[in-house]
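Visitor: Once you've had a glance at the structure underneath, I'll fire off some questions.
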Amino acid sequence: VQLQAFGGGLVQAGGSLRLSCAASWNIFSRNDMAWYRQAPGKQRSVVASITRGGVTNYADSVKGRFTISRDNAKSTVYLQMNSLKPEDTAVYYCNALALFSRASWGQGTQVTVSS
């Protein structure tokens, strides 16, 4: 398994979750990484990204609420999600940021935010 995301769950609006993604060294060490999400009936989109050097970028909808980080020693990417909103409900995935570097998506982890 090249990418394994976990940490999702059901949380009330305003709550927090921390997602983790264990990536194979082959993918992690060579790429800028990103978290993506896909809500029912919508396309998958980038939520946050982090370069190999630790520079981060966020979608406008999550700025100030989500924080992406990476642990190079563990080949793991994290997404700390605070002040969650119902519109954050989606399946969350991690993968390389660059299209040509992406591995198979895997199952992702479901995040459900109740109002």
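Visitor: Can you tell me which residues in the stretch 92-107 are open to solvent by less than 30 Å² (accessible area, probe 1.4 Å) and within 13 Å of the chain's Cα centre (by Cα)?
Guide: Residues satisfying the conditions are Tyr92, Tyr93, Cys94, Asn95, Ala96.
Visitor: Any idea how many residues of the stretch 43-60 are open to solvent by 60 Å² or more (accessible area, probe 1.4 Å) and without any contact (Cβ under 8 Å) to a residue 12 or more places away in the chain?
Guide: The qualifying residues number 5.
Visitor: Does the stretch 52-65 contain at least one residue that is touching a Ser or Thr at 6+ places or on another chain (Cβ under 9 Å), part of a strand (DSSP E or B) and within 23 Å of Ser114 (Cβ to Cβ)?
Guide: No, that holds for no residue.
Visitor: Mind listing whichever residues of the stretch 61-88 are crowded, with 19+ Cβ neighbours inside 10 Å and more than 20 Å from Leu3 (Cα to Cα)?
Guide: Val62, Phe66, Leu84, Asp88 - these are the residues of the stretch 61-88 that are crowded, with 19+ Cβ neighbours inside 10 Å and more than 20 Å from Leu3 (Cα to Cα).
Visitor: Right, another one. Consider Ser16 against the criteria (1) in contact with a helix residue (DSSP H, G or I) (Cβ under 6 Å, 6 or more places away or on another chain); (2) surrounded by fewer than 18 Cβ atoms within 10 Å (Cβ to Cβ): it satisfies all of them except one. Which criterion is unmet?
Guide: (1)
The values are calculated or read from the model by the stated rules, or taken from the named source; none is laboratory data. It should be emphasised that the depicted structure is a prediction, and the values quoted were computed from it without experimental measurement. Positions of Cβ are generated from backbone atoms using ideal geometry, with glycine treated the same way; all protein chains shown enter the neighbour counts. The protein model used for the area step is the full one, side chains on, heavy atoms only, and it has no ligands, DNA or RNA in it. Shrake-Rupley method; radii C 1.70, N 1.55, O 1.52, S 1.80 Å.
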